[in-house]
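Read through the structure below, which is laid out as structure tokens, and then see the notes.
The values are calculated or read from the model by the stated rules, or taken from the named source; none is laboratory data. Keep in mind the model is a prediction, meaning the values are calculated, not measured. Every residue, glycine among them, receives a Cβ derived from its backbone with ideal geometry; neighbour counts consider all protein chains shown. Note: accessible area is taken over every heavy atom of the protein model, side chains too, but ligands, DNA and RNA are not part of it. Shrake-Rupley method; radii C 1.70, N 1.55, O 1.52, S 1.80 Å.
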Amino acid sequence: MTCASADPREWLSEISPAIQAQSWQQSQVYATPSSRWCAYINLICLHTFLDWISTEDFPKASVWYSFPGTPAFWEFVNGTAILLEGKRVVLIPSEAIDDSELEVPQEWVDILSWAADYYLAVQVKPDSEWVRIWGYTTHEELKSLAHYDSVDRTYCIDARHLTKDLNAFSLSYQFCRGEEMKAAVAPLPQLSTEQAENLVQRLGNASFRFSRLAVPFKTWGALLENEQWRQRLYQQRQQPQSSQVRVNLSFWLEGIYDNAWEAIETFLLFNSNSLAFNFRSSSGFGVGSIKRAKLIDLGMEMESQKVVLLVALIPEDNQQVSIRVQLHPANGEFYLPVNIKLALLLESEEIIQEVQAREQDNYIQLKRFDGEVGECFSIQVAFDSYQITENFVI
């Protein structure tokens, strides 16, 4: 049901109980509470908008990029794209009371295949049961008039630059279809298969809340723009945390190693520092210790900076093993990045040990810990918003 608005230029509609129920049910396929709520708000916005244009002189609309049945990008990005006879309209819903500006995620502006002709500002109040479309802008106006917030990666355009009359949107769409509404957007670089696979594994953990801010925008945008990788990332987020692959350390005791975990000597060819000496002298393990290392690439954050994660274990009595974990610079670097962190997590994800690099630390290490066969734990390397977690079972 459409309602009268305080401003006749705006459009205000009640949210029917059926739309609320349908939207809530459809939103439950997403991985986290925040993504489920984002999907819920977007679905309410979408259904009410489609109801509205069905009563106006608009062609039949289609929802852009649905999988399966709902857009995969709601796992990461707010907004809904509608296709209307070759023109793309992006709905940007918000629950905020303040309507002094419209905030558009950068993905909808700077990914070439995502950029829209029109952006509609939508206020959604599910508790009050109404949706309000109160203004719109174009891609060209966003690029020229909006302020770019590098922290949230959003384009923020002041309400005074929005067109407040929705009748003008109807007229513009119907009679200006040949007019170009978009500014120029540079194409994003293509990712290699190896890069994309690595990103999916790193960012696909549902416990990682801010995936879209964890890597440079060009890298993130290139991943999302590729439909195959976007769906893979979405699917990865849906997997239960317990299903994450764990390195079986019991296999190490039998001389069986995962391909990614190599002998320390492999890294000595590329390291001018005393990586092996530091590890041997501080590990406290004797001749029977088993040591493996894995190269971790921080290039998405730090110009191809890499570090080496070292894990050593030695069997004890009563099916126990002692474990030592260290983090070293790689590729000839002498020092670790300042403030990089190394942490030990229980299976419940509780951090029970954490150490942080200071200036001119050539390695950091966790305190030696013991575990029994069958126990699970994780080692996390974190730098600013970037993090990677390695999962183990003894």
Could you order peptides 320-329, 355-364, 334-343 by the average number of other Cβ atoms within 10 Å of their residues, highest first? 320-329, 334-343, 355-364
In nm, what is the difference between 0.36 nm times the number of residues separating ALA168 and GLN231 and their Cα-Cα distance? 19.0 nm
Could you sort SER27, SER128 by accessible area so the largest value comes first, with the probe set to 1.4 Å? SER128, SER27
Roll a 1.4 Å probe over the protein heavy atoms and report the accessible area of SER144 in Å², nearest 10. 80 Å²
To the nearest 10 Å², what's PHE251's accessible area with a 1.4 Å probe? 100 Å²
Given the Cα-Cα distance of SER100 and ARG358 and 0.36 nm per residue of separation, how much length would full extension add, in nm? 88.6 nm
Pairs of Cα atoms farther than 18 Å apart, region 86-168, %: 39 percent
For region 20-157, with equal point scatterers placed on the C-alpha atoms only and solvent neglected, what are the log10 I(q)/I(0) values from the Debye formula at q = 0.10, 0.18 1/Å, to two decimals? -0.30, -1.07
Can you tell me which of 373-383, 117-127 comes out highest on packing, and rank the rest after it, using the mean Cβ neighbours within 10 Å? 117-127, 373-383
Could you tell me what % of all Cα pairs in region 132-205 have separations over 19 Å? 58 percent
Leaving out ligands, DNA and RNA but keeping every protein chain, what accessible area does GLU227 have, in Å² rounded to the nearest 10, with a 1.4 Å probe? 90 Å²
